[in-house]
Amino acid sequence: MPPVVVQQKGEATQKTAKKKAPTPSPQNAVTAPPKAQPTDTTFADGVGSKGLAVPLTTTRLTKKAIQSQLPNTNDTAQILTKVPGVSVYTSGGISSLPAINGLNGDRAKVLINGMVISPACTNQMNPPLSYIDPSQVAMAEVIAGVTPVSKGGDSLGGTIIVESRPPEFADVDEGVRTSGSISAFYRSNGDGVTTSAHAEAATQNFSIGYSGAWAKSDDYSRGDDGPIVRSTLYEAYNHSLTLGIKNGEDIFTFQGIYASVPYQGFVNQRMDMVDNDAWLFNLRSLTHHDWGTLDFRAFYHETKHRMDMLADKSGVMPMSVDGTDAGYSVKAEIPLTTVDILRVGNEFHRQTLNDWWPPVAGMAPMMGPDTFVDINHGTRERLGTFAEWEHRWDPAWSTLIGVRNDMVWMDTGDVTGYSSMYAADAAAFNARSHERTDANFDVTALTRYEPSANETYEVGYARKTRSPNLYERYAWSTGAMAADMIGWYGDANGYVGNLDLKPEIGNTVSVTAGWHDRERRVWDIKVTPYYTYVQDYIDANFLKSQSSMSGMDMGGMSAMAMQSSEFVTLQFANHDAQLYGVNVSGSVNFWESSVYGQFGLSGIVGYVNGENLDTGDALYHMMPLNAQLTLSHQLGNWSNAVQLTMVNAKDDVNELRHEPTTPGYALVDLRSSYQWQNVRFDFAIENLFDKLYYPPLGGVDWADYAAAGEVGLISPVPGQGRSFNAGVTVAF
């Protein structure tokens, strides 16, 4: 069975397009058509693009499905919320952090055009998905849970694979083919403006293409006609140039990207981004041989990241981070027999990081007179090797088993603080050896059973390992001010690293049952319960309290405020933990009329629960029971959808971090599009009834709390109120 494909109504595969009257899936419905692969060979013919290397828990977002979301967001992570099992941490306007089945941050492996991009920031303000605009995404694939070793490594929750537009080539005797598009979008809430463009010229064997995007938004307003939510503004640029060479079925691609964010507010952090410039380069060679397919990639990434406080927050505290990533991956897929496939590969990734905080005049000894060196030439190197065997026993049964080894080497230099008041912590850190080596081993086993054309079952087990990141091991100061700068949780607490951290080892078992019509076009439903036990889960231990806050009347907000009136300093620490939950997805085309068009219904339901088994405390930021239900309609070139999002109250919270509770809510969104020749018009209304709500993974509203003088209770971050969105795309 192929991956789940999220596509717009009317989108058909090459196979179904030949039929006289195919029944397309609903707009943005979750479907699994026969042999549904992307039409571009770069996606369809790569190593691991078919068979059990694409588990039933895979969801693939096509370009057409992504197109319908462009009027609503500049945050690529947000488009993944249509995928079962995916939720996002609120962060900056283009920098949300995805979580898969409750496993977040570095626990979810993210690949952008094959590149491993490490956040170069104490708060992970520049996560991998922030380096590609949604308009530039041609395909996004998410594997939730049990992941083949050929697509895993140094992660626990699953894998997110995002690919930009691949090179296209002219047909034989066509000469030079040119194509392009230009788009513009406007969002009323925050006065958001986005423009994007693509242009390409190609012969039969050579292609050159440019893609660019610019986005800008002011602070958005909360629901119920409420005030703005401070520190939610942003501006971003993204430019890419892609060269492609084709030789028969073989393709060579080189891409250069420049991504710049002049500023980006972070409502749930004490700091904001005041500049982020990055260069990214990647190349790919996909070749086909008598013995199989060889897929080689190499990449380099360099970021210069600067933090301070924008106008919504008072004070001055410059922070600087320079980071690089470099690496390669080489994978081979070898059909041993007609029923056996062997996949082998080797990967290398090297990260470097320098993190320093310049002194502030007149602020000694707290913030001067010297430079605070947080991480001094930190390095993290990973060498991964895997082998994976897939076998089809008969038409109904097939299995996959894979093993993987990842060697991780980490080191950093000595550190120093602003002044002598940091000397004790610095001396204690410098007195110890910083070099660490982890030998990690992963195993994946999958069994698929297809007894008929209407049902498919899959059972999987995975042992997956992740080593700590540089901040988890090497952030060294226990002082409240310095510790408060560390952390990507949006909880306003402080974090200290731990040189004694061990790698996390996750053991996941999942079962997927899928039922569908014979053509996989009219209806389908899929249910995936899962359980994960994590040995040495990197959570935190209490170090000390910071400052107390006096209680005050928040106009009914107190029930949702932090359960304790103080912030805390925590140290990263290993604990055993468990997570369990279920993902449900389905779709149905329930009515088709030549007069009124086609109507469909699709939906996803998700639930996850996480617990620290050593303390009994809930794991932080577990998404409560939630569901999305979409009614779609298409009549000719006109497409419409009504989406209902429902989220249960979050009252099972992490006490250690004083995680706030949030009430349940329901939101209604409308969207419509019309295709007129080469012009597409998009319209949408988000949060139709202007509901005031608080996303469960939004963290705390530090910006508002700071503006109020850092007294009273701190609120969760409010979600965005009603927004009228519109856009136009012209293709040529």
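The values are calculated or read from the model by the stated rules, or taken from the named source; none is laboratory data. This one's a predicted model, so the numbers in the text were calculated from it and none came from an experiment. Cβ sites come from the backbone with ideal geometry, for glycine too, and all protein chains shown count toward neighbours. All accessible areas refer to the heavy atoms of the entire protein, side chains included, with ligands and DNA or RNA removed. Shrake-Rupley method; radii C 1.70, N 1.55, O 1.52, S 1.80 Å.
Using square roots of five times the C-alpha gyration tensor eigenvalues, list the equivalent-ellipsoid semi-axes of the range 455-517 in whole Å, biggest first.
40, 16, 6
Using helices alone, I'd like the mean residue ellipticity at 222 nm for the chain: each DSSP H run of four-plus residues gives -39500 (n - 2.57), total over residue count, nearest 500.
After summing the helix terms and dividing by residue count, I get -1000 deg cm²/dmol.
Give the aspartates and glutamates reachable from K544 as a straight Cα distance under 16 Å; neighbours fewer than 8 places away on the same chain don't count.
K544 reaches D425, D484, D491, E566, E655.
Could you tell me which of the pairs K304/K502; K650/K691; K331/K464 are separated by over 23 angstrom between their Cα atoms in the structure shown?
Those over the limit are K304/K502.
Mind ranking 530-541, 173-184 by how tightly packed they are, going by the mean number of other C-beta atoms within 10 angstrom, highest first?
In descending order of packing, they fall as 530-541, 173-184.
Per the 1.4 Å probe, what fraction of the accessible area of the chain, in percent, lies on carbon and sulfur atoms?
Whole-percent figure for carbon plus sulfur exposure: 59.
With no solvent and one point on each alpha carbon, what is the Debye value of log10 I(q)/I(0) for the range 122-179 at q = 0.12, 0.20 Å⁻¹?
So the normalised log intensities are -0.50, -0.90.
Which shape class, rounded, prolate or oblate, goes with the range 104-148 when its Cα gyration tensor gives a ≥ b ≥ c as root eigenvalues, a/c under 1.5 marks rounded, and past that a/b bigger than b/c marks prolate?
The shape class here is oblate.
With every protein chain left in place, what is the accessible area per residue of the range 338-427 in square angstrom, probe 1.4 Å?
44
Can you compute 3J(HN,Hα) from phi for each residue in the range 712-729, using the Karplus curve 6.51 cos²θ - 1.76 cosθ + 1.60 with θ = phi - 60°, rounded to whole Hz and x for Gly and Pro?
These are the phi-based 3J(HN,Hα) values: x, 9, 9, 8, x, 6, x, x, 7, x, 4, 9, 9, 10, 8, x, 9, 10 Hz.
Return the Cα extents of the range 293-387 along principal axes one, two and three, sorted largest first, each rounded to a whole Å.
Sorted largest first, the three principal extents are 73, 28, 17 Å.
log10 I(q)/I(0), Debye, Cα-only the range 600-668, no solvent, q = 0.17, 0.29 Å⁻¹?
Result of the Debye calculation: -0.69, -1.21.
Using the Kirkwood radius built from alpha carbon pairs, what does the Stokes-Einstein equation give as D for the chain at 20 °C and 1.002 mPa s, in µm² per second?
Taking Rh from Cα pairs, D becomes 82 µm²/s.
Order these peptides, 83-93, 285-295, by their mean beta-carbon neighbour count within 10 angstrom, highest first.
Ranking the peptides 83-93, 285-295 by packing returns 83-93, 285-295.
Using a 1.4 angstrom probe on the protein heavy atoms only, could you order K464, K331, K246 from most to least accessible area?
Listed by decreasing accessible area, they come as K246, K331, K464.
Can you tell me which of 47-59, 658-670 comes out highest on packing, and rank the rest after it, using the mean Cβ neighbours within 10 Å?
Going from most to least packed, we get 47-59, 658-670.
Thinking of the range 258-313 as a set of Cα atoms, what percent of all their pairs are more than 18 Å apart?
55
Expressed as a rounded percentage, what relative contact order does the chain have, with Cα pairs under 8 Å and six or more residues apart?
13 percent.
How big is the C-alpha Rg of the range 357-414 next to the rule-of-thumb value 2.2 N^0.38 Å, as a ratio?
After normalising by residue count via 2.2 N^0.38 Å, the value is 2.43.
Taking θ as phi - 60°, what are the ³J(HN,Hα) couplings along the range 360-374 by the Karplus curve (6.51, -1.76, 1.60), each to the nearest whole Hz, with x for Gly and Pro?
10, 4, x, 10, 6, x, 5, 9, x, x, 9, 7, 7, 9, 7
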